[in-house]
1. For region A:294-333, what are the residues that are surrounded by fewer than 20 Cβ atoms within 10 Å (Cβ to Cβ) and β-branched (Val, Ile, Thr)?
2. Every residue in region B:251-286 that is over 22 Å from B:Gln232 (Cα atoms) and in contact (Cβ under 8 Å) with a residue 60 or more places away in the chain, please.
3. Does at least one position in region A:541-548 carry a residue that is away from chain B (no Cβ under 13 Å) and touching a Gly at 6+ places or on another chain (Cβ under 8 Å)?
4. Output the number of residues of region A:163-184 satisfying the condition of being buried (at least 18 other Cβ atoms within 10 Å of the Cβ), out of contact with any Lys or Arg (no Cβ under 9 Å at 6 or more places or on another chain) and over 30 Å from A:Val196 (Cα atoms).
5. Please verify whether region A:674-687 includes one or more residues that are out of contact with any strand residue (DSSP E or B) (no Cβ under 7 Å at 6 or more places or on another chain) and among the polar types (S, T, N, Q).
6. Being out of contact with any strand residue (DSSP E or B) (no Cβ under 9 Å at 6 or more places or on another chain) and either touching a residue at least 40 places away in the same chain (Cβ under 8 Å) or in a helix (DSSP H, G or I) (or both) is the filter here, so list the residues in region A:306-318 that pass it.
7. Mind listing just one residue for me: the one in region A:361-372 that is part of a loop (DSSP other than H, G, I, E, B) and more than 9 Å from every other protein chain (Cβ to nearest Cβ) and, of those, farthest from A:Ala159 (Cα to Cα)?
8. Which one of these is in contact with a strand residue (DSSP E or B) (Cβ under 7 Å, 6 or more places away or on another chain), part of a helix (DSSP H, G or I) and surrounded by 19 or more Cβ atoms within 10 Å (Cβ to Cβ): A:Phe209, A:Phe249, A:Phe224?
Amino acid sequence: MFDFRRFMMHTGVIALCFSLAGVGLFADEEAASANPEGIQFFEAKIRPVLMEHCARCHSTDGGQGVRGGLSISSREALRVGGESGPAVVPGDLSQSLLWDAINHEGLRMPPSGKLPPETINDFRRWIELGAPDPRVPTEAVVQSRVTPEAIAAGRHFWAFQPPQMPALPEGSGWSESAIDRLLESQFAAEGLTPAVDASPTVLLRRLHFVLTGLPPAPGESDAFTAAWSRDPRRALESTVDRLLALPQFGERWGRHWLDAARYAESTGKEIDVSFPNAWRYRDYVIDAFNADKPYDIFIREQLAGDLLPAPTDEQWAEQLIATGFLALGPRSLIEQNSRQFQADLVDEQIDVTTRVFLGVSVACARCHDHKFDPIPQSDYYALAGIFQSTETCFGGVRSQRNRQPSKLIVLPIDDPNPSDQSMTREELAELRRQRDEVQQEAIEARRALARPQPGGTPPQTRLANQFLLDQRATQLTTRINSVDEQGRPLTVCMGVQDKAKPQNARLLIRGEIDQPAQEVPRGFVQVLSSANAVLPANSSGRLELADWIASPEHPTTARVMVNRIWLHLLGEALVRETDNFGASGPQPSNQALLDYLAVRFVDSGWSVKSLIREIVLSRVFRLSSEFDQKRFERDPENQYFARANVRRMEAEVIRDGMLAASGRLDPERPRGSIMARFSSSIIGPDGPVGMVMTPGTAGMTAAQTPGRPGVLDRFSRPGRPAMDGAGPMLPSRLQSRLNGGGGSIFEASVLYRSIYLPVPRNSVPRSLDVFDFAEPSMVIGQRETSNTPAQALYMLNSAFVIEQSDAMAERLQREQKQRRDQVELAFELVFSRLPESEELEASLRFLEDAERSVKPAAALSAFCQALFASAEFRYVN
Amino acid sequence: MTLPVCCGSRREMLRSVSAGFGSLALAGLMAGSLPAGAAADQPLAPKPTHFPPRARRVIFLCMQGGPSHVDTFDYKPKLIEDAGRSIRPGNARLMAPRWEFKQRGQSGLWISDLFPEVAAHADKLCLLRSMHCDQPVHPQAMTQMHTGSAQFVRPSLGAWTLYGLGTENDSLPGFVALNPPAAAAQNFGSAFLPAIYQGSRVGAAQRGPAMARPAAAQGQSVPDIRNPRLSQDLQRRQIDFIQTLNRQKLKREQSQPGVEGVIESFELAFRMQDALPSLMDLSGETDSTLELYGINGGRTAAFGRQCLLARRFVEAGVRFVELNHGNWDHHFRLEADLAARSEEVDRPIAGLLADLDQRGLLKDTLVMWGGEFGRTPDAQGGDGRDHNNRGYTMWMAGGGVRGGFSYGATDDYGGVAVENKCHIHDWHATILHLLGLDHTRLTYRYAGRDFRLTDVYGNVVQEIIS
C-alpha cells in the first residue's frame, strides 16, 4: 500500500508549494468524438473489471467510502484521481497511477492479488487508446432563487451600506467626548440617566484588566488615587498611555483576536495531531497589537501575506506567518477522500474569513442559497474558487491515521523551532535508516495482524504495537523533515501559497462533491460589493479578496472590528452577535455610535490603539456598575450603556492573576510552545501518544510507553537558561497528587502568561478549559461565562491553585510580619483594595480558626486560596 | 424584544440581566423554542418538557468499533443459506453467522447465542434493525452518532438532553460519561451550548485513540474531587470564609448576578466531593448484586462495574449516563473476538436491565445499546467483517419503548437497511421525543441561527413507542 516515492513527495517540506491536480474540466465533445470501438472496448473489457475489483473501495456505492480519494465512477473522477494523483492520463501509461497500481509498482491494486495478465494488457490498450470512457455526468446548472434585484435591494440593509459619519448631537455637561454625546442623546430618548463615575480604585483595576489582563501592582492604586485628586484627566491619560505601551497589552488583546481566529495548536477532530508551528501565528498577532499594526494591513497579511511585496526577508517571513490564519483550522485527518477533505478545508476558510472580518456567514451557502441574506449559493463557490486555487500548508506526516498531510512553508529567516536541533549528515542518514526500518516493521506488523496467530500475542497488544510503530515512524520522519540536507534545522511556518494555475470552482449540488454543476467565476460576496469583482486569470484572487475586505469603503469590515473592540472594553457589544451582522442578527443598539467609531477607525489609519484610547478616555468607560433599580428597569440588558457592566474575567486573567499575586508570574514571552516539541504527534489528554523525545543531538530514544508522558520542562529561550526543576516546577509531592483531570502535562510546570499555554484542540489545559475558554474549533466573538461546580473544585483542590496560594502565603510572610498587615497586603494583591472592617475580622477569625488544626503557613495559604476562590477575584466592576 | 421586568428578587433580575448565555437563552425563551424555566441563573434546574415524557433519564451503552449485527441481533436465514456466495460484483463471499439464532421470550425475537443473558430480557427489548448513518469510518460515524454531524463541531446528544431537561440531583453532574475514550471530547462536548451542559468524564481518560490503549483499562476519578491537604472540616471553614466574602460583596453591590452563581457553585462542589466518591464506592453493594452484574470476577467485572455505576447514577438523579466499551472492530478474528466482547457485556447488561426493572426504574429509564455502525454480511479475509454503515441494529429498552418488538429491516443478507429505515437523525429525534422534547423545538441560537440536534432532519419513529 505504501509508495515511498510519493510518500516522500507529500511529506517533504518544500519552500514553495506547487500545484496539486485541481478539478479538471473536460470538454463534452471528447465523449461525442470518441471512437465507438473505443467505447465498446471500455464497456466490454474495462468497466466490468472496474466494477468487480475497484468499486467496493473506490466509489460511493461500494459502502467502503472513497478510499485514497479515488473514485472510479466516472471519466472525470478517474482523471482527477485521488490523493496520489491522476489515476488515468489518456495515452500516457507512465503518468497513469492506475497502471502502476495494477502492475504492483508502488501501489498494489487490487489488494487481494494481481489481475490476470490479459486483463492488465486490456488496460494497457485502453489507456493507450486515450482511455475512452462514456461515463460523463450530464452537467447540471443550479439556478439561484436570489435574483440580481434581490441582491441590489439587499444592499439597502443597514449593515451593507458603508458607514457615514453621523451628525454629533449637542451634549450636556456630562459628556466629555463625541462618544459620550452619541450615547447621551440616546439616554434621553430612553429615559435613562447615566450612573455616577466609578471610584479611582475601581477605575484603575478596570483599566488594568481591560488593557493588560493583569491586576495593578500594590501601591499603584494609592498612587493613582493621589494623582487623580490632583488632576483626573492627566492621571487617566498617563495611565492609559502607559498601559497601552506595555507588552502585556498585546498579550491581552491578541488573545481576543485568537478567540475569533479559532487559534489552536492541533488539528482537533478525530485524531488530534499537533501543529508544532502554530505559535508563530500567535506571536505574530501579539506583536501586531503591540505595534499597533494598522488593521487593514493586519487583514491583508493574514489573507494574502504571501502575495504582498516584502522589502526584507524579515518582513516576508512575518507576512507568511500571518497567513497561518487560513491554515490552522480544525482538520479531519482521517478523511480518506482527499476531495472531500479539500472541500471541507475550503469551507472552513470561507467560514472563518467571512465571519471574522465581515461579520456575515457565507458558509451557509455551501449547500443552498443563504436562508436570510441575499447570498446565492454561487457566491459561496465564487469564494471557493479563490481558496481552491490556494494551497494550504499545515504540515503533518502521512501515517495510518493521518491520511491528509500537507507541506509547510520554509521561511527566509534562520529562526527554527527551539526544540529542533541540528544534526550531522551521518546522524541524518542514521535517522533515515531507522525510519525505513520502523516503517518496514510497521508494514509487517500490519500484515501480521490479519494472520491468525493461535496462542500468540493478544491482538490488542499487536494492534497497539503496530500503532506505536506507525507513530514512531511519523515522529522520525518529522525529525528528518525538520532539517535540511546538511542537518541544519529549517525554519518553517503554517500558511498558504497560490497554486500555479488558478481555477474556478464548480457549484456543488447540495454541497456534495460528487454532484458538480456549473462553473462559477471567482469573485466576492455580491451584496457586499458595489461592483462586480474582476479577478486576474493568473493568480488565485486572494490578494484582491484581501484588498476588497480591507478597503475603507467596505460596509462591514470596520464596523465589525470596532464592535469587537467595544465589546472587550465595555463588556457588551453594540451589535450583540459579533460575527453576525446579517439580516438574522440583532440591530445595533446605537448605530450612530457604531458608525462614528467605524469612520474614526478608518480615518485614524485603522489604528486599534487610537480607538481604544478614545473609548477608554470617554466618560462612559468610567461609569460605575452600581445597581440602581430604576436604571435597571429601563434597560435591563444595558443596551444603552448608562452603567458599567460587571464582567467575569476570562480564564487567562484568573490564572495570570493568581501568578501575579503569588509573585511568581514570569512576565516574559517564552520562545515557541510546548506543542512545538510534539511534532506531528497525536495528542491525548496527558500529552503526545508514543512520543519520541530528542535529547541533544545523540539521536532518538525509544518510543515511550503509553501512560508515561514525556518529561516537560520549560522550553528554552535564547540568552536565557532553561529553568531547572527547583524553581518553577511544581513540587513532586503535589504533582503526584494531581487527582485525575487531564491536561496537566500542558500546564503544570509553567509560570508564564496563559496566552502561551499550549492549545491542543481536544485537550485544552484545565486551567483554561474550566473557566469557559473559547472553543478552539469555532469562531468565538464573545466567550460564555458559566458558574460550574468544576470551577469551584478547581479553585478548592487543584495543585496549581494550592501552589500559588502557598507562594502567596510565603510572600505575605516575607513582606509583612504582623498578621493584620499580611491580611491587608493579601487584599491589595488579590482585590486591589484594602479589606473593610468586617472582612478584616472574618479573615483574622478564619486564620485563628485554621491555626488550631494546621501550621500558620498552611493556614495563611488556605486564606490566600479563599481570596482566589472568592467571586470578587473573578469579577471586575 | 420586550422583557419581563420584575425586580422582586435577585433571581428574577438575573433572568433579565444580559450576560452572554442569559440573553441568548432568553431570546430562545421568547421565541418559544426552549422549555420554560431555562433561565440563566439555574441552567441545570429541572425544566418542563414539551409534552409528557415517557423516559426521564438515559443510559447509553456505547459499543465502539461497530459490533456485527448479523451475528447478534439481525437474524438473516438467507445469509446462512447462501453463505459462500458473492452477491454483488466486487463483494467478497457471504459469511454465515458463527452463532445460532433462537427465538426468545414471549415475543419470539430472534437473538443469537452471543447474548444469552440479554436474550432472557427479549420481551423488554425493542430492536431497531434498520439503522443507517452517513459515515463509513469509525471516528466520523462515532461523532455523527453523538452529535448528528461528522462535519461540524456540534453539541452532543447528552448535552442537548441536559440543556432541554436540566437535572434532578443538585449534588451531581447531570451528564456523566463513564470511561470515555480520549480524543473524543466533542462526543461529550457542549460545543456552542453553555459549558455547563457538557459531559463530566468519570473514569481515567485514556491516552490516545482506542488503538493505543489496553482493552479494559478502568479508572474512576473526577478532576480535583479531593483536596490533597485540608481536612474536610477545615475545608468547610474555608468555604464558609469564601462565602462570607461573597455575601459581603453581594451586600455592598446589591445586584451581582454572577456572585450568587459562585456561591451556589461552591455549595454544589462541596456536596459533590461527598456525593460522587461515595456514589462510586461499590463496597456497600451486596454479593448478589455484584453477582447480578458479573462483578465478582472474570471478563464481565470491568463492564459490570460500569453498569452498576450507571444504575447508581440514574437512581441518584443523573439525567444522562453514557458507558463505553471498546474493541468491536472485527475485521479479523471475528469468531474469537466478537465472542469475547459479547461475553464481557452480556451479563452486565442483563444485570442492569434486571436491576433497573426490580427497582421500578426501567419504566422511565431509556436504555440504549449500539455502536457507530454494523458490519458487512460478506466476509473479510475469512474470519472478519468490514464496516457497514448502510444497515445495522441498535436496540432500546425501558423508557416507554415497545418491548419484544422489532422495527425495520435490512435486505435478505443484512447489508442495507430497506424497510422502515431509521437514520441516526431519526434515532436522535425519537430519543428526544421519548424524553418529552420535540426535536424541532429544542433549539439554541448561535451565529444567527437556531440550531437543533437533528439539523433539518429527523423523524420520530412512533411505532416503537409503547
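1. Listed by number, the residues that qualify are A:Ile297, A:Thr312.
2. Result: B:Ser255, B:Pro257, B:Gly258, B:Glu260, B:Gly261.
3. Kept after step one, since they are away from chain B (no Cβ under 13 Å), are these residues of region A:541-548: A:541-548.
Adding the requirement that they be touching a Gly at 6+ places or on another chain (Cβ under 8 Å) leaves A:541.
Yes - at least one qualifying residue is present in region A:541-548.
4. Within region A:163-184, residues that are buried (at least 18 other Cβ atoms within 10 Å of the Cβ), out of contact with any Lys or Arg (no Cβ under 9 Å at 6 or more places or on another chain) and over 30 Å from A:Val196 (Cα atoms) number 0.
5. Restricting attention to region A:674-687, the residues satisfying the condition of being out of contact with any strand residue (DSSP E or B) (no Cβ under 7 Å at 6 or more places or on another chain) are A:674, A:676-677, A:684-687.
Among the residues that remain, those that are also among the polar types (S, T, N, Q) are: none.
No, every residue in region A:674-687 fails to be out of contact with any strand residue (DSSP E or B) (no Cβ under 7 Å at 6 or more places or on another chain) and among the polar types (S, T, N, Q).
6. As a first pass, look at region A:306-318 and keep what is out of contact with any strand residue (DSSP E or B) (no Cβ under 9 Å at 6 or more places or on another chain): A:308-316, A:318.
Passing the criteria: A:Leu308, A:Asp313, A:Glu314, A:Gln315, A:Trp316, A:Glu318.
7. As a first pass, look at region A:361-372 and keep what is part of a loop (DSSP other than H, G, I, E, B): A:361-362, A:367-372.
Adding the requirement that they be more than 9 Å from every other protein chain (Cβ to nearest Cβ) leaves A:362, A:367-370.
Details: A:Val362: 15, A:Cys367: 24, A:His368: 23, A:Asp369: 19, A:His370: 16 Å.
Only one residue fits best here, namely A:Cys367.
8. Details: A:Phe249 fails: in contact with a strand residue (DSSP E or B) (Cβ under 7 Å, 6 or more places away or on another chain); A:Phe224 fails: in contact with a strand residue (DSSP E or B) (Cβ under 7 Å, 6 or more places away or on another chain).
One residue alone meets the criteria, A:Phe209.
The values are calculated or read from the model by the stated rules, or taken from the named source; none is laboratory data. The shown structure was predicted, so the numbers you read here are calculated from the model rather than taken from an experiment. So basically every Cβ, Gly included, is an ideal-geometry build from the backbone, and we count neighbours across all protein chains shown.
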